[in-house]
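The values are calculated or read from the model by the stated rules, or taken from the named source; none is laboratory data. Everything quoted here is computed from the prediction, not taken from an experiment. Counting neighbours? That spans all protein chains shown, and the Cβs are built from the backbone with ideal geometry, glycine included.
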Amino acid sequence: MPEEFTPRIAYFSMEIAVDPHCPTYAGGLGILAGDMLRGAADLGVPIVGVTLLPRKGYFRQRLDAQGQQTELPDDCQAEKFLEPVGADCTLRFDSATVRLRAWRHVMQGLAGHRVPIYFLDTDLPENPDWCRALSDFLYGGDEHYRLCQEVVLGIGGVYLLRALGHHNIRRFHMNEGHSALLTLALLEERIGKPNHTAVTEEDIEAVRQNCIFTTHTPIPAGYDQFSTDLAHQVLGPERTALLEATQCCLGGMLNMTYLGLRFSRYINGVAMHHGEISRGLFPNYPIHAITNGVHAVTWTAPAFQELFDRHIPEWRQDNLYLRYAVGIDLEAIEDAHARAKQILLEEVAKATGVQLESQALTLGFARRAAVYKRADLLFADLEKLRAIRRRAGPLQLIYGGKAHPRDEEGKAVIRKVFQAAAALRDTIPVVYVENYDMRWARLFTSGVDLWLNTPHRPYEASGTSGMKAALNGVPSLSVRDGWWIEGHFEGVTGWAIGYDQDPEDHAVEIASLYDKLERVILPMFYARPKAYAEVMRSCIALNGSFFNTQRMISQYIRDAYIPGMVRGAAPALVRDAGPAS
Ligand SMILES: *Cc1c(COP(=O)(O)O)cnc(C)c1O
């Protein structure tokens, strides 16, 4: 591939979703990373992506009749979706010398700009078996496995960029703490010797100037951390001493969040509220906020793509134009939605054997089956739910989502949804679709009538599936957390569960959830369909036009990448036609 620009920014992420058929991601973090790079390709940003190759994917989910999850390997078919690159490097960790190679995927932007993404691979015959296995699973294995993967991603990623000839990179963006060891590699480049421990504040400052850290975790329990004993074993005594000297090991733990914070000039949370929470958690750091977005073209269903192409053809190049969706007539919105809904119901029927009703209010809920997402909140009172069905009209529910293989509580939540589905069988159809992935996410977020989101506040740093729904005119019924605090206009873009002033209170949230469904949403859906279509249209105009990657990347460029980039700042980021670096 001829490089048509000199990359200036490297974006590191443990997972990056590049293709719906290639399982190189587990959930929202990887989807966001893929959308970020897709958007960057559209905008002509000189950026490269760096991630790990998970040959066996995250996992393929199987659910039995009781909702018991089992996990199967999910071949990512590197040979089919990625191309090998002719560069490699070696690095030492855990007393082994490990050879690393890479595979490339190229994201092509709307105007033809190409953004390469490198997938790091340790599965080479000369490496020891335990080391080859590091390229098997995303988020698999134990702590040792995980730390070794992070060494490969952070340190190996920097080595590989250098081996590929990328010497002009001026910004290293860490998408969450998993890649924070890249700062160690940069520090070692700076001080010249890998085993040098006498690091100065100037050295740290020089690395800081080039690093950007995005945190996605609103609670300390979510931090990625490892015991210093394990760090000692894997990284060796010199590197561990270096990390200790830079105060990234606290209380016997090497904390990747602290490492990212300590070595970054620009730090941000992923929604305004998450920025505030992060400032409370890390009062010693200047923490900004850039609210997430989704790649509009990727997440807009064909029916709505056609509709937008007809009415606002500029929307692909400039997502701000989605604002002019206010001028589209309601019948056209209803019509496009009916087509997206029909496709979803057909796919659900194929996958589950259940034919849902095309006229019934259809709620969607799908995301990782982590306990804090509370997939079972809607089922708190089945009698009440049956009464709502009797009094206000039919409703049906479509669920999806995987629990991490070691998350027993998450798996229990899936079983609870299955139990509720069985109990409600005669009144409210509930289906659970196996193996929720990017393909299903596109069908779900465009084909349901209402997107349900019930996280435990304040655990949802941002959330992005509701943004995908908004692009397709699907309103949210959501707890006021993450992006929804910004996207919510009551009765205009959807509805809130609970009240902002309240402390976290299950009972209040459940009462409010049932109340909104029964008194507001179902009556509007059945008795005032034009009013419902108006809400759908406002979702596109108000939220589709804003919660997209074009707006998000513009903010990263302006606030995080450009400041102080080089003398003369801005021109460095403008795509240049220089020779391959
Ligand atoms: C968008 C997406 C997510 C993230 O959804 P949240 O609402 O942010 O949790 C997870 N998984 C897949 C497959 C997605 O497409």
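Number of residues in the stretch 359-372 that are buried (at least 23 other Cβ atoms within 10 Å of the Cβ) and either within 14 Å of the ligand (Cβ to nearest atom) or outside any strand (DSSP E or B) (or both): the value is 5.
Quick grid of which residues meet (1) away from the ligand (no atom under 14 Å from the Cβ); (2) closer than 18 Å to E518 by Cα; (3) crowded, with 21+ Cβ neighbours inside 10 Å:
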| site | (1), (2), (3) |
| --- | --- |
| A387 | yes, yes, no |
| P394 | yes, yes, no |
| Y399 | no, no, yes |
| A412 | yes, no, no |
| Q419 | yes, no, no |
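Pairs are defined by a Cβ separation below 8 Å, a sequence spacing of at least 6 or placement on different chains, a first member in the stretch 360-375 that is over 14 Å from P455 (Cα atoms), and a second member that is within 13 Å of the ligand (Cβ to nearest atom) and polar (S, T, N, Q); the pairs so defined are G364/T445.
So, in the stretch 277-325, of the ones that are within 16 Å of the ligand (Cβ to nearest atom) and assigned to a loop (DSSP other than H, G, I, E, B), which residue ends up surrounded by the most Cβ atoms within 10 Å (Cβ to Cβ)? Looking at the filtered set, the residue picked out is T300.
Is at least one residue of the stretch 166-189 among the aromatic types (F, W, Y) and at pLDDT 95 or above? If you could, list the steps in order and put the result at the bottom.
The initial filter retains those residues of the stretch 166-189 that are among the aromatic types (F, W, Y), namely 172.
With at pLDDT 95 or above added as a condition, the list becomes 172.
Yes: the stretch 166-189 contains one or more residues that are among the aromatic types (F, W, Y) and at pLDDT 95 or above.
Sort through G463, G447 and tell me the only one that's surrounded by 21 or more Cβ atoms within 10 Å (Cβ to Cβ) and either more than 13 Å from the ligand (Cβ to nearest atom) or modelled with pLDDT under 95 (or both).
Details: G463 fails: either more than 13 Å from the ligand (Cβ to nearest atom) or modelled with pLDDT under 95 (or both).
Being surrounded by 21 or more Cβ atoms within 10 Å (Cβ to Cβ) and either more than 13 Å from the ligand (Cβ to nearest atom) or modelled with pLDDT under 95 (or both) holds for just one of G463, G447, which is G447.
Just so you know, in the stretch 488-501 the residues that are in a loop (DSSP other than H, G, I, E, B) and at pLDDT 95 or above include one that is surrounded by the most Cβ atoms within 10 Å (Cβ to Cβ), and it is T493. With respect to the conditions (1) basic (K, R); (2) over 30 Å from G275 (Cα atoms); (3) within 15 Å of the ligand (Cβ to nearest atom); (4) free of Cβ contacts under 8 Å to residues at least 24 places away in the same chain, R480 falls short on a single one, namely (2).
Taking the numbered list (1) in contact (Cβ under 8 Å) with a residue 24 or more places away in the chain; (2) within 17 Å of P475 (Cβ to Cβ); (3) surrounded by fewer than 20 Cβ atoms within 10 Å (Cβ to Cβ) in turn, D515 passes all entries but (1).
If only one of I521, I510, I540, I485 is among the β-branched types (V, I, T), in a helix (DSSP H, G or I) and within 15 Å of the ligand (Cβ to nearest atom), which one is it?
Details: I521 fails: within 15 Å of the ligand (Cβ to nearest atom); I510 fails: within 15 Å of the ligand (Cβ to nearest atom); I540 fails: within 15 Å of the ligand (Cβ to nearest atom).
The match here is I485.
Scanning the stretch 104-125 for residues that are in a strand (DSSP E or B), crowded, with 20+ Cβ neighbours inside 10 Å and not aliphatic (A, V, I, L, M) yields H105, P116, Y118, F119, D121.
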